[in-house]
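The values are calculated or read from the model by the stated rules, or taken from the named source; none is laboratory data. Since we're looking at a predicted model, the values are computed, not measured. Reconstructed Cβ throughout: ideal geometry from the backbone, glycine too, with neighbour counts over all protein chains shown. Accessible surface areas use protein heavy atoms only, side chains included; no ligands, DNA or RNA. Shrake-Rupley method; radii C 1.70, N 1.55, O 1.52, S 1.80 Å.
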Amino acid sequence: MKILHTADWHVGRAIRGRSRADEHRLVLGEIVDIANREKVDLILVAGDLFDVAAPSPEAEEIVYGALLDLADSGAPVVLIAGNHDNPRRLAAVKPLLDRTRRVYTGAFLEGPEDGGVVTLEAAGGQRVRVALFPFLSQQKIVRADELMRDSRAQHGLAYADRSAELVAHLCEGFDDSAVNLLVAHLMVSGAAAGGGEREAHISGDYCVPAVAFTHPALDYVALGHVHRMQPLSAQVSAWYCGSPLQLDFGEGEYECGVLLVEVETGVPAKVRPIPLRSGRRLRTLRGDLGRLEEETSQSGAEYLRIFVDAPPHPGLGEEVRALFPNAVDVRVAQSTEPLVDADHTLERLELRPREIFEEYLKDVGVGDDSLVALFSELLEESYEA
């Protein structure tokens with residue numbers, strides 16, 4: 001059977017104030033086209049459909065429209081909540097999605113007999129069992145007395161141990177009479193993470209060992225949470241599919257896509273990455289204005305973060321944005337040395353704001369009277385506000 005594995009849509013994410021709704025519509029449309037073209041038997045969405053817990057109406061329209069379009073492909077859609085999703089909101093729309101008879105929602109962790117394992121019949125009569133492991137915060141899985149008493153390292157170990165126990169419980173009824181899958185939103189030890197993920201939720205406090213997925217009848221583990229597409233260890237058939245578009249400048253080197261997984265009971269899964277092209281790429285440029293100007297013909301539709309090697313002066317940002325209309329983040333690239341010692345800091349407490357600003361400009365090697373004048377003008381406006 002063919003499975004389409006996707007995750008980490010993060011619909012509603014903006015890039016430095018610019019909406020990415022149109023990109024999300026296009027890239028999710030690409031995923032729908034892949035589902036139809038490949039005639040997949042099952043679609044797994046491994047969490048973080050939304051970017052925030054209280055998404056806008058526009059974000060909800062995009063996500064639920066995409067889910068219904070995926071279900072129209074004829075394949076069942078199984079989704080779980082990620083750490084960016086609000087499980088209560090997903091649970092609230094679950095009765096509506098259930099009416100489609102093709103969209104199955106795992107908002108909260110539940111026991112195998114209470115909805116934690118979904119049993120389906122795919123094309124050709126193939127029986128499929130899908131264990132659902134939505135994101136669990138440490139507070140939900142580590143008891144309150146341990147959180148108060150034990151060290152942070154002990155909290156992380158307790159989280160890892162209990163997560164593994166929960167996975168084992170969800171999979172305890174699996175055998176070779178069906179294709180057995182686990183869809184989970186969590187951080188696996190050893191995975192290469194970074195970019196736009198919440199740092200607290202990819203730290204050692206939230207790591208689960210890959211050995212948690214070594215149940216002998218488990219045929220494939222569809223993971224979400226880490227935005228870089230990657231397999232885990234050779235001991236388990238488990239992959240992160242990554243995000244369908246680059247979400248943060250820390251992800252500028254990531255290749256975005258979905259995974260097409262061919263699964264057969266008792267046979268190692270065959271995984272084929274399929275790239276997605278609709279999202280704009282994110283790129284970082286560095287250099288002085290002359291060097292940057294040489295890059296203008298190559299920037300295209302990319303969103304740019306630009307580090308300018310030049311002394312700061314009024315209008316610098318506008319100069320750069322005139323060259324690069326898609327520059328969403330312009331910064332001055334300067335080496336920073338320790339500015340003052342403790343005695344100097346005490347002396348500054350007696351200075352006026354303009355004098356402090358002038359001292360700062362001297363410390364960083366910038367001499368620009370127009371910058372001081374602009375500071376004074378803004379300071380006066382703040383007093384009047």
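Applying the Karplus parametrisation 6.51 cos²θ - 1.76 cosθ + 1.60 with θ = phi - 60° to the phi angles of segment 5-14, what ³J(HN,Hα) value in whole Hz is obtained for each residue in order, glycine and proline being reported as x?
10, 9, 5, 6, 5, 6, 5, x, 5, 9
Name the residue from Leu109, Leu132, Ala46 whose Cα lies farthest towards the positive end of the charge dipole of segment 43-192, charges +1 on Cβ of Lys and Arg and -1 on Cβ of Asp and Glu.
Comparing the listed Cα positions along the dipole, Leu109 ranks first.
Give me the number: length gained by fully extending Ala200 to Val364, i.e. 0.36 nm times residue separation minus the C-alpha to C-alpha distance, one decimal in nm.
55.7 nm
Mind checking the full-extension length gain between His169 and Ser233? Use 0.36 nm per residue of separation minus the Cα-Cα distance, one decimal, nm.
20.8 nm
Which shape class applies to segment 1-132: rounded if a/c is under 1.5, otherwise prolate when a/b exceeds b/c and oblate if not, where a ≥ b ≥ c are the square roots of the Cα gyration tensor eigenvalues?
The shape class here is oblate.
Determine which lysines satisfy two conditions relative to Lys2: a Cα distance under 16 Å, and not lying fewer than 8 residues away in the same chain.
Lys39, Lys270
Counting just the Cα atoms, what span does the chain cover along each of its three principal axes? Round to the nearest Å and put the largest first.
Each principal axis gives a Cα extent; for the chain these are 78, 54, 41 Å.
What is the projected area of the convex hull of the Cα atoms of segment 220-278, averaged over all directions, in nm²?
Taking the Cα atoms of segment 220-278, their convex hull projects to 4.3 nm² on average.
Is segment 59-105 best put as rounded, prolate or oblate by its Cα gyration tensor, with a ≥ b ≥ c the root eigenvalues, rounded for a/c under 1.5, and otherwise prolate when a/b is larger than b/c, oblate when not?
prolate
May I ask you to give the percent of accessible area on segment 1-149 that is carbon plus sulfur, with a probe radius of 1.4 Å?
Here it works out to 50 percent.
Quote the relative contact order of segment 17-91 in percent (integer), defining contacts as alpha-carbon pairs under 8 Å separated by 6+ residues.
Reported as a whole number, the value is 42 percent.
Putting +1 on Lys and Arg Cβ atoms and -1 on Asp and Glu Cβ atoms, find which of Tyr159, Gly74, Pro87 reaches farthest to the positive end of the dipole of the chain.
Value computed over the given set: Gly74.
Counting only the heavy atoms of the protein chains, how much of Glu58 is accessible to a 1.4 Å probe, in Å² to the nearest 10?
Estimated to the nearest 10 Å², Glu58 gives 90 Å².
Using the alpha carbons of segment 1-79, what is the convex hull volume per residue in cubic angstrom, as a whole number?
77
Where the only charges are on Cβ atoms (+1 Lys, Arg; -1 Asp, Glu), what is the dipole of the chain about its Cα centre, to the nearest 20 debye?
Value, rounded to 20: 1660 debye.
Give the dimensionless ratio obtained when the Cα radius of gyration of segment 193-342 is divided by 2.2 N^0.38 Å.
1.44
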